[in-house]
Amino acid sequence: MPLTPPLTPTFTHVPPGPLAGPLQLLPINASVVYVHTADGAHVGSLKLLGGVWKFKAMGYDAAGRMEPGHGPLTEQHNMQFATRDAAEVSARLLGALGSNP
């Protein structure tokens with residue numbers, strides 16, 4: 001699952017509104033994949049739970065503290081995927097948000 005273009009992950013507050021797509025997936029281990037915008041902002045994770053990949057939204061407050069279940073993709077929290085396909089994840093998450101994948 002190569003990252004294109006090269007990604008510099010950031011873990012900071014993302015204001016509401018459209019997100020830079022396509023989303024990028026950064027594998028952490030066999031059951032966790034970080035989800036970042038095209039410009040590197042961390043917006044959540046995919047977690048393999050019971051054989052299903054579930055999106056877990058993540059936000060950060062103004063001081064940089066993690067806020068699980070929050071952030072720009074809060075409404076997509078717990079969206080399920082059969083695989084961790086970057087194109088599908090990006091299209092579905094950004095499509096639900098109204099952003100261009």
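Taken together, the residues in region 23-71 that are part of a loop (DSSP other than H, G, I, E, B) and either in contact with a helix residue (DSSP H, G or I) (Cβ under 6 Å, 6 or more places away or on another chain) or crowded, with 20+ Cβ neighbours inside 10 Å (or both) amount to 3. Check whether at least one residue in region 73-88 is part of a strand (DSSP E or B), open to solvent by less than 70 Å² (accessible area, probe 1.4 Å) and at pLDDT 95 or above, and report yes or no. Scanning region 73-88, I find at least one residue that is part of a strand (DSSP E or B), open to solvent by less than 70 Å² (accessible area, probe 1.4 Å) and at pLDDT 95 or above, so the answer is yes.
Kindly check whether there is at least one residue in region 7-19 that is touching a residue at least 60 places away in the same chain (Cβ under 8 Å) and either open to solvent by less than 50 Å² (accessible area, probe 1.4 Å) or not in a loop (DSSP other than H, G, I, E, B) (or both). Yes; the residues of region 7-19 include at least one that is touching a residue at least 60 places away in the same chain (Cβ under 8 Å) and either open to solvent by less than 50 Å² (accessible area, probe 1.4 Å) or not in a loop (DSSP other than H, G, I, E, B) (or both).
The values are calculated or read from the model by the stated rules, or taken from the named source; none is laboratory data. Please read all numbers here as calculations on a predicted model, not as lab measurements. Ideal geometry is used to build each Cβ from the backbone, glycine not excepted, and the neighbour counts take in all protein chains shown. Remember, those area values only see protein heavy atoms, side chains included, never the ligands or the DNA or RNA. Shrake-Rupley method; radii C 1.70, N 1.55, O 1.52, S 1.80 Å.
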